[in-house]
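As structure tokens, the structure follows; a few thoughts come after it.
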Amino acid sequence: YDVRHYDLTIDYKPGSNQLIGRTVLDAVALTDLNEFTLDLHGLMVSKVNVDAVPVSRFWTRHGKLHVRTDEAIEEGELFRVTIRYGGRPKAIPDGDDAMGWEELTDGVIVAGQTNGAPSWFPCHDRPANKASYRIAITTPTDYHVVANGSLVSRHRGASTTTWVYEQDEPMATYLATVQVGRYVSRAVPGSVVPITAVLPQHLLERYDLAFGRQPEIMDFFVRC
């Protein structure tokens, strides 16, 4: 199968590194399917639903979420899978390094290349299977969230804020990212492509020294 679109809804508490998530993926079957797998590392799945056919069983083992259906999903059929899951995400070991979800002293970063995407959402972790994304992250209001694509909405509640990003151009799973921290943002003027700097407040005065030539660099990339 190939995934065409991911819709990620995540509630994250930085203090306890606690994540509660729902992933909805739209896919197409490349052959008849009675069973399929998704990649997911170290997180507990509580519910799986497939809109096309009833789910008879699901289980996780060795970094895989297995889903078995009562009836076959036919080749060429579009189907939607909804997974509810949660836990305390952590990076996936990769030789001498680790990829994916990295808890910081106060926040989180995600660097998914090469195999880090399953550390925070169930996915078909194949670089050739590119998909579009909608990523909604809810955190305490004093945190700033950055994810792929364009920020389309930001809704503030009593003590939390939900940030919604949309990435329309298909991309590989390892490129999916989210950054959560006590950041401020600043528009960077003078670039032919919009640039926004997101960084800790105490580093703002040093930004121009380190990254002041970014508009010039971007202009060079556009011309080349």
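The lysines within cross-link reach of residue 13, meaning a Cα-to-Cα straight distance under 18 Å and a gap of 8 or more places when in the same chain, are 90.
Springs between Cα atoms under 10 Å define the GNM used for the chain, and in it the highest mean-square fluctuation of 93, 122, 140 occurs at 93. Only the Cβ atoms of Lys and Arg (+1) and of Asp and Glu (-1) were treated as charged; on that basis the dipole of segment 179-224 about its Cα centre amounts to roughly 120 debye. Build a GNM of the chain with springs between Cα atoms under 10 Å apart, and of 206, 134, 68 the one that fluctuates most is 206.
Restricting the calculation to alpha carbons of segment 134-224 gives Rg and Dmax of 14.9, 48 angstrom. Considering only 176, 136, 197, the mean-square fluctuation computed in a Gaussian network model of the chain, springs between alpha carbons under 10 angstrom, is largest for 197.
Derived from the Cα gyration tensor, the three semi-axes of the equivalent ellipsoid of segment 87-192 are 23, 18, 14 Å, largest first. Residue ranking by accessible heavy-atom surface, 1.4 Å probe, largest first, among 218, 44, 99 comes out as 44, 218, 99.
Based on every Cα atom in segment 1-83, Rg and the maximum pairwise Cα distance Dmax equal 13.5, 45 Å.
Relative intensity of segment 35-113 on a log10 scale, I(q)/I(0) at q = 0.15 Å⁻¹, equals -0.65, per a Debye sum over C-alpha point scatterers of equal strength in the absence of solvent. Three semi-axes describe the equivalent ellipsoid of the chain; taken as square roots of 5 times the Cα gyration tensor eigenvalues and ordered largest first, they are 34, 20, 16 Å. Here the Karplus relation 6.51 cos²θ - 1.76 cosθ + 1.60, evaluated at θ = phi - 60°, turns the backbone of segment 29-45 into coupling constants of 6, 8, 7, 5, 10, 9, 8, 8, 10, 10, 8, 7, 10, x, 10, 8, 9 Hz, with x for every Gly and Pro.
The values are calculated or read from the model by the stated rules, or taken from the named source; none is laboratory data. Computed from a prediction, not measured in an experiment: that's the story for all the values here. Heads up, the Cβs are rebuilt from the backbone with ideal geometry, glycines too, and the neighbour counts pull from every protein chain shown. What goes into the accessible areas is simple: the full protein's heavy atoms, side chains included, and nothing from ligands, DNA or RNA. Shrake-Rupley method; radii C 1.70, N 1.55, O 1.52, S 1.80 Å.
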